[in-house]
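Q: Take this structure first; my questions come after.
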Ligand code: ATP
């Protein structure tokens, strides 16, 4: 048995590491048997070297023709990598036994920004076969994917376009996608965005992916697929993945966050959210024990989620989930733990008829004309809050790959965005 890891073969101009791996697996099937589902592994979403979603692939092949398998893998990588891409730095690793330390390396690759040298040290220490190109950064993702173990997991089916269609508009019957969602949600999710009236399971770029269906298990995904009408696809693969699991989220304290990591932070809203040009919202969150403050952001692409952020008030206790970049937490999800009581000063109610009293004239207090009751001044009334306690998330059109959707957090007080 060998395990193959590959990463960093595509560019913004085209191709896709998952497509390359799909072709590679097809070719390797002539030399043995692909064991189980291939892994589609998302790594630290804050890494600036990524093309799109910081994905890497690993899979296992049961074969006794190891040397031939390496040759086929390398040949496929040479053929289907966009070497001209400024950020394309392919890495390919093959191991007969996956060293245990790769699982630790995976955990670190989710959380930290690693150096190529660290990947090369492991390869040398463990005597792994590898090929790397340009600045060799792809070795990091390749190794991390090989070592990835998923305490929680989901699945994604990726359908790939025929090469002659790459770069042309995708032909997908949107009505059939809505129907597939209707029939298979909550077994599948993030196929469409109901609130924003958008099909969100297909990219718009020139890459070979036609669409991706995400779900809890392969059966739910395949029954969604049966309902989708689209241009014919060249091939499809179901991946086992760490997407939708929150595996990137660290428990943290506001005062102790490290840049480029993702956290769940609890704190008190210090001020109402303020908008800047472009519709991005920011508000400060302070820790309950006074140990620090952090700016939290809901950017314009989070669309209707911003209405919830606007409904927050000073004193609300919340927990926010997201990546910290430039001392700002980009909210993926939030839990409203306790709402502060908000009040407004208004004319008092008549103690007899309970209607609102009217001013009796300047400096003369309030009175009820019908009951002739009097009161001195305005009194404080609790204000209705537009938000209630519970978990809220950004809509599917703004979902980060690793974020656990609320549809997977049943049993809690959730308000899934669909
Ligand atoms: P796609 O989603 O289309 O596959 P991508 O967003 O996955 O593209 P890559 O082309 O894989 O982007 O580029 C990400 C690069 O960053 C890879 O070289 C990968 O090895 C590297 N990388 C991944 N995680 C880390 C990390 N934690 N620290 C440093 N480098 C990393």
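Q: Helix 17-28 versus the longest principal axis of the chain: what is the Cα-based angle in degrees, 0 to 90, to the nearest 10?
A: With both axes taken from Cα atoms, the answer is about 30 degrees.
Q: Nearest 10 degrees is fine. How inclined is helix 116-126 to the longest principal axis of the chain, computing both from alpha carbons?
A: Helix 116-126 sits at roughly 50 degrees to that axis.
Q: Assuming a ≥ b ≥ c are the square roots of the Cα gyration tensor eigenvalues, decide whether the range 193-276 counts as rounded (a/c under 1.5), prolate (otherwise, with a/b larger than b/c) or oblate.
A: Verdict is prolate for the range 193-276.
Q: I would also like to ask the following. Using alpha carbons only, how many angstrom separate the centre of the range 9-64 from the centre of the range 86-112?
A: Result: 12 Å between the Cα centres.
Q: Moving on. Calculate, for residue 96 and residue 165, the FRET efficiency according to 1/(1 + (r/R0)^6) with r their C-beta to C-beta distance and R0 41 Å; round to the nearest 0.05.
A: E between residue 96 and residue 165, to the nearest 0.05, is 0.60.
Q: If you stretched the chain out fully between residue 179 and residue 1, how much longer would it get, using 0.36 nm times the residue separation minus the C-alpha to C-alpha distance?
A: Gain on extension, residue 179 to residue 1, equals 60.0 nm.
Q: Next up: Run the helix sum for the chain: -39,500 (n - 2.57) per DSSP H stretch of 4+ residues, divided by residue count, reported at 222 nm to the nearest 500 deg cm²/dmol.
A: Counting only the DSSP helices, I get -6000 deg cm²/dmol.
Q: Quick check on the chain: what does the Kirkwood estimate of hydrodynamic radius come out to from the alpha carbon pairs, in Å?
A: Kirkwood radius, the chain: 24.0 Å.
Q: Provide the gained length on full extension for the span residue 295 to residue 227, in nm with one decimal, where the gain is 0.36 nm per separating residue minus the Cα-Cα distance.
A: 20.1 nm
Q: For the range 70-129, what is the per residue volume of the convex hull drawn over the alpha-carbon atoms, in cubic angstrom?
A: Convex hull volume per residue, Cα atoms: 102 Å³.
Q: Note the full-extension length gain between residue 66 and residue 198 as 0.36 nm times their separation in residues minus their Cα-Cα distance, in nm to one decimal.
A: 42.9 nm
Q: Please label the shape of the range 72-187 as rounded, prolate or oblate, based on the square roots a ≥ b ≥ c of the eigenvalues of the alpha-carbon gyration tensor (a/c under 1.5 means rounded; beyond that, a/b larger than b/c means prolate, else oblate).
A: oblate
Q: Run through the DSSP bridge list for the chain and note the antiparallel percent, rounded to the nearest 5.
A: Roughly 90 percent of the beta bridges in the chain run antiparallel, per DSSP.
Q: Over every pair of different alpha-carbon atoms in the range 330-418, take the mean of 1/r and invert it; report that Kirkwood radius in Å.
A: 16.8 Å
Q: Compute the angle between helix 101-111 and the longest alpha-carbon principal axis of the chain, please, reported from 0 to 90 degrees and rounded to the nearest 10.
A: For helix 101-111, the angle is close to 40 degrees.
Q: Sticking with this structure for a sec: When the Kirkwood radius is taken over all Cα pairs of the range 161-307, what Stokes-Einstein diffusion coefficient follows at 25 °C and 0.890 mPa s, in µm²/s?
A: In µm²/s, the coefficient is 133.
Q: Continuing with the same structure: Could you calculate the FRET efficiency of residue 84 with residue 27 from 1/(1 + (r/R0)^6), where r is the beta carbon distance between them and R0 is 30 Å, rounded to 0.05?
A: Efficiency at R0 = 30 Å is approximately 0.80.
Q: Considering just Cα atoms, how many Å³ per residue does the convex hull of the range 261-349 enclose?
A: It comes to 120 Å³ per residue, whole-number rounded.
Q: Something else now. Just check the range 159-227 against the gyration tensor rule for me: Cα atoms, a ≥ b ≥ c as the square roots of the eigenvalues, rounded for a/c under 1.5, and otherwise prolate or oblate depending on whether a/b exceeds b/c.
A: Verdict is prolate for the range 159-227.
Q: Considering the chain as a Gaussian network with a 10 Å cut-off on Cα pairs, which listed residue, 51, 188, 343, attains the greatest mean-square fluctuation?
A: Evaluated over the chain, the most mobile residue of the options is 343.
Q: Let's test this: bin the Cα-Cα distances of the range 130-193 at 10 Å from zero up to the farthest pair and state each bin's percent.
A: So the P(r) values, bin by bin, are 14, 27, 30, 24, 5.
Q: Which of 93, 116, 286 moves most in a GNM of the chain, Cα contacts under 10 Å?
A: It is 116.
Q: Continuing with this model, one more query. With 5 Å bins from zero, work out the P(r) of the range 367-418 over every alpha carbon pair and list the percent per bin.
A: Going out from 0 Å in 5 Å bins, the range 367-418 shows 4, 15, 16, 12, 9, 6, 6, 5, 6, 8, 8, 5, 1 percent.
Q: Now for a separate question. For the modelled label position 7 Å from the Cα of residue 380 along Cα-to-Cβ, which residues of the range 338-357 have backbone nitrogen atoms closer than 17 Å?
A: 339-349
Q: Per the Kirkwood treatment, what hydrodynamic radius in Å, one decimal, follows for the range 1-113 from the mean inverse distance over all distinct Cα pairs?
A: It is 14.5 Å.
Since every read-out is calculated from the coordinates, none of them should be taken as a lab result. Owing to the predicted nature of the structure, the values given are computational and were not obtained by experimental measurement. So basically every Cβ, Gly included, is an ideal-geometry build from the backbone, and we count neighbours across all protein chains shown.
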